[in-house]
Amino acid sequence: QGQIDSVKETADAVVNLDDTVVSLWEAISNPGKTYNNVVVSLKDWDEAYALALQENPKLAGEMQGYRQGKMKGVSTGGVVLSGTGLGIAKSIAKLKNGKIDVAHSGINVAKIKPKTCSFRGDMEVKTEQGYKPIASIKVGDKVYAKNELTGQMTYQRVQAHYNNPYDFTVYVEVIDEQGKQQTIVSNKIHPFFTQVNQGELVPSSEGHHYNGEIQNAQWVDAQNLKAGYKLLSENNHWQTVKGVSIKAEKLSAYNLTVETDHTY
């Protein structure tokens with residue numbers, strides 16, 4: 001109990017935003033002064049994961065592996081930070097262009113806000129109400145998400161919505177089996193689930209490693225897509241990449257954090 005109180009006192013004493021992130025996580029990682037089994041809510045862990053995925057893919061991989069083995073059934077669901085998790089927490093704290101939210105017995109201190117985004121605002125996302133421009137989607141909306149391993153597709157809740165500027169724009173032209181064409185506009189590093197040419201070695205998106213049964217499939221950054229590659233559509237049919245162009249054009253890009261499967 002004394003250690004839990006120490007965490008509370010640390011949180012209550014912090015005023016400055018930058019100090020909040022550093023001081024809180026340093027306190028949690030000191031077992032001599034703080035409680036060693038702090039629970040981070042799944043929502044906030046997922047938002048931290050989204051940030052790490054773009055800023056530090058290696059850390060994102062560590063977070064994914066740690067979460068799979070450290071789920072704890074609390075009232076809101078959460079990830080227990082102990083042992084290796086405390087080291088991960090300190091690494092997360094370094095990505096402090098936002099706030100971190102730590103929950104234990106109702107303690108809520110701050111929240112991470114990821115700062116990297118993916119698609120131009122008019123790109124449409126399938127929701128329960130039909131297709132909507134990604135710029136108009138709100139937290140709480142449900143979007144069509146797919147589990148990359150099982151193939152199951154369900155509507156899942158949007159947990160966060162982001163917007164940020166970029167200096168380069170990627171145009172990905174695709175065509176479906178009926179000859180219908182469209183252009184997807186994204187930043188350079190957005191990962192696409194892609195079927196590449198057999199025998200061709202293509203860099204996978206950092207932090208994204210596909211272990212499913214689809215042959216020659218992997219996650220590929222937009223900037224590494226090429227004509228002939230295939231992208232999987234919502235109806236499980238492949239669409240073919242016709243061409244990719246990268247231009248030095250300003251891009252106002254948006255992204256979503258989606259619960260459970262993190263796809264849309």
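Every number in this text was worked out from the coordinates using simple rules, so none of it is lab data. Predicted model only: the values in this text are computed from it and were never measured. Cβ coordinates were reconstructed from backbone atoms using ideal geometry, including for glycine residues, and neighbour counts include every protein chain displayed.
Overview of values
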item: ³J(HN,Hα) computed for each position of the stretch 147-157 - Karplus, 6.51 cos²θ - 1.76 cosθ + 1.60, integer Hz, glycine/proline x; result: 7, 5, 8, 8, x, 5, 10, 9, 7, 10, 6
item: Ascending count of other beta-carbon atoms within 10 Å, so fewest first, for His190, His161; result: His161, His190
item: Difference of contour (0.36 nm per residue) and Cα-Cα distance, Lys247 to Met153; result: 30.5 nm
item: Given Lys142/Lys247; Lys58/Lys146; Lys138/Lys242, the pairs whose alpha carbons are separated by over 29 Å; result: Lys142/Lys247; Lys138/Lys242
item: Charge sum, other residues only, whose C-beta stays under 9 Å from Val241's C-beta, Lys/Arg counted +1 and Asp/Glu -1; result: +2
